[in-house]
Structures are given as C-alpha cells and as structure tokens.
1. Out of the stretch A:19-42, which residues are open to solvent by less than 40 Å² (accessible area, probe 1.4 Å), in a helix (DSSP H, G or I) and within 8 Å of another protein chain (Cβ to nearest Cβ)?
2. Can you work out which of the residues in the stretch A:43-76 that are touching a Ser or Thr at 6+ places or on another chain (Cβ under 9 Å) and small (Gly, Ala, Ser) is surrounded by the fewest Cβ atoms within 10 Å (Cβ to Cβ)?
3. Filter the stretch B:6-20 down to the residues that are open to solvent by 30 Å² or more (accessible area, probe 1.4 Å) and farther than 27 Å from A:Thr36 by Cβ and list them by number.
4. Just one of A:Ala52, A:Ala14, A:Ala45 is in contact (Cβ under 8 Å) with a residue 12 or more places away in the chain and within 7 Å of chain B (Cβ to nearest Cβ); which is it?
5. Mind telling me which of the residues B:Ala39, B:Ala23, B:Ala3 ends up being buried (at least 19 other Cβ atoms within 10 Å of the Cβ), assigned to a helix (DSSP H, G or I) and more than 7 Å from chain A (Cβ to nearest Cβ)?
6. Run B:Pro80 past the list (1) at the interface with chain A (Cβ under 7 Å from one of its Cβ atoms); (2) open to solvent by 60 Å² or more (accessible area, probe 1.4 Å); (3) over 24 Å from A:Leu8 (Cα atoms); (4) not acidic (Asp, Glu) and report the number of the one that doesn't hold.
7. So, in the stretch B:57-68, exactly how many residues are part of a helix (DSSP H, G or I), open to solvent by 30 Å² or more (accessible area, probe 1.4 Å) and at the interface with chain A (Cβ under 9 Å from one of its Cβ atoms)?
8. Report yes if B:Ala9 is facing another protein chain (nearest Cβ under 7 Å) and more than 17 Å from B:Ser82 (Cα to Cα), otherwise no.
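The values are calculated or read from the model by the stated rules, or taken from the named source; none is laboratory data. All values derive from a computational prediction rather than experimental measurement. All Cβ positions, glycine included, derive from the backbone under ideal geometry; neighbour counts span all protein chains shown. The accessibility values were calculated without ligands, DNA or RNA, using every heavy atom of the protein model including side chains. Shrake-Rupley method; radii C 1.70, N 1.55, O 1.52, S 1.80 Å.
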Amino acid sequence: MTVVGFALYALIGAGALLALVRLALGPSLLDRVVATDTLLVIISAGLAVYAALERSPTVVPVLVVVSLLAFVGSVSVARYIGGMLLRSRTGDGRDLGLPLAAEAQGEQP
Amino acid sequence: MTALADVVAFACLLAGAALCLTAGLGLVRFPDVLSRMHAGTKPQVLGVLLVMVGAAIRLDGWANAWMLLLVAAFQLLTAPVSAHLISRVAYRRRHVRRDLLLVDEFRGAGHQDVWYQGDEPKDAPPEEPGPVQPS
C-alpha cells in the first residue's frame, strides 16, 4: 500500500516537475499555455490520487474547480494571444479570425 | 472482492500517473507547440479517465462517483476546444516547425501572418516560406 502510494506520488511529482521546467524554459507564450494546462491536469490527477489513497472524498469538489480553471485559463490566454495581431492583411479583419457577424457589421457603410 | 477491487483501482491509478510522467517528458523533449500539445493531451483524456476510475473504485460511493464522472466528462468536452484554439493560434503565429510537417494543407492559403510582431520563438521559420519540397 505505502509502496504503491510512494510510486504514484513519485510519478505524478516527476511529471509536474517536468511541466514546470517547460513552463520556465518555454520560448514562447503558447508553450507556457500548454505547460500550464498540462500542469493543472496533473494537479487534478494528484488530488484524485490523494482522495483514492486516503479514501477521503473531501477533495472531490476541488477537482471540478481545477478542471474548470484549466479550461478557462488556457482558452482565455489563447484568445488573448490571438488578439495580439497588429495588422490585418485583408483589411476587413477576416484573417484575424473574427466571426462572420462581426465582418458583416464591419462591411456596412 | 475488496482485494480484487483494490488491485484494479491501483492498476488504473498507476497507469494514469505513468501517463502524467510521459506528458512531462514529452513537454520537455518535443520541438514545437503542436507536438508538445500532442504530448500534453495524453493525461488530459486517458490519464484523467484512468485516475477517475481508480478513485471511484476506491472511494466507494455513488455521490463521489457521479462527481468524478462529471470531471471526466468535462475534460472530454473541453480538451478539444482548448486544443483547437491553441493550435490555430500557434499555426497563425508561426510557432510551428513547418520543416517537420509531412502534410501542410494550409500552406500558401493565407492562414499565416505575413507581418508579425510578438512572441515568436527563436527558431521560427522565415516569414515567407519557400516552395514546397517534393517528398
């Protein structure tokens, strides 16, 4: 039991440490976004492993919050990087990935 | 019965934890954003499913099982959405090593920025990619 617990925590801790290395090294912002997403998933896996080893369901609602937070964080930072485009090539913002409704409103005189 | 359930639960937990370690290794060793995302998505789907199955077996109650199932379903729903957003921005921002791609269906179709100021990596391909090399 304790050997299995130690092996589980070692595997998850090593994965989290390697994700932290990529988070520190990452040459661009998107690498850090990917590393943060993976790190939060590894953290939720660690919480679930703790709950399973201790048979204590107190951290189970925290899992829902952490998975929500990973999704919202990565999507919002990805949208932010997509909005950092400085110049539109086609002139109407179509290459910025704007939705069709926004383009149609932009074309009206 | 309980011993068998514990063995199954620990096997699932060990497989999920090993997938977390492979995600970390892939994040450190792979060359660009898309391949790092490929490595990092392994624990997001299969690892989380395995860990949730193991925890649901160990926690032994329907309320906890439903909440863990909620977490797994949420991961399955949101992982493609965030991966799509990140990979689209990565392709547009020239974070992709295009010399390592075997098939590039968006080449020359205006899906990449020509002018660019931002956080591109040091090994980003040049702004105007050359002609397609026949393979």
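1. A:Ala19, A:Arg22, A:Leu30, A:Asp31, A:Val33, A:Val34, A:Ala35, A:Asp37, A:Thr38, A:Val41, A:Ile42, listed by residue number.
2. Across the stretch A:43-76, the extreme among qualifying residues is A:Gly73.
3. In the first step, residues of the stretch B:6-20 are kept if they are open to solvent by 30 Å² or more (accessible area, probe 1.4 Å); the result is B:6-8, B:11, B:14-15, B:18-19.
Residues satisfying the conditions are B:Asp6, B:Val7, B:Val8, B:Ala11.
4. Details: A:Ala52 fails: in contact (Cβ under 8 Å) with a residue 12 or more places away in the chain; A:Ala14 fails: in contact (Cβ under 8 Å) with a residue 12 or more places away in the chain.
It is A:Ala45.
5. On the way: B:Ala23 fails: more than 7 Å from chain A (Cβ to nearest Cβ); B:Ala3 fails: buried (at least 19 other Cβ atoms within 10 Å of the Cβ).
B:Ala39 is the lone residue from the list that is buried (at least 19 other Cβ atoms within 10 Å of the Cβ), assigned to a helix (DSSP H, G or I) and more than 7 Å from chain A (Cβ to nearest Cβ).
6. The number of the failed condition is (1).
7. Total meeting the criteria: 4.
8. Working: facing another protein chain (nearest Cβ under 7 Å): yes; more than 17 Å from B:Ser82 (Cα to Cα): yes.
In short, yes.
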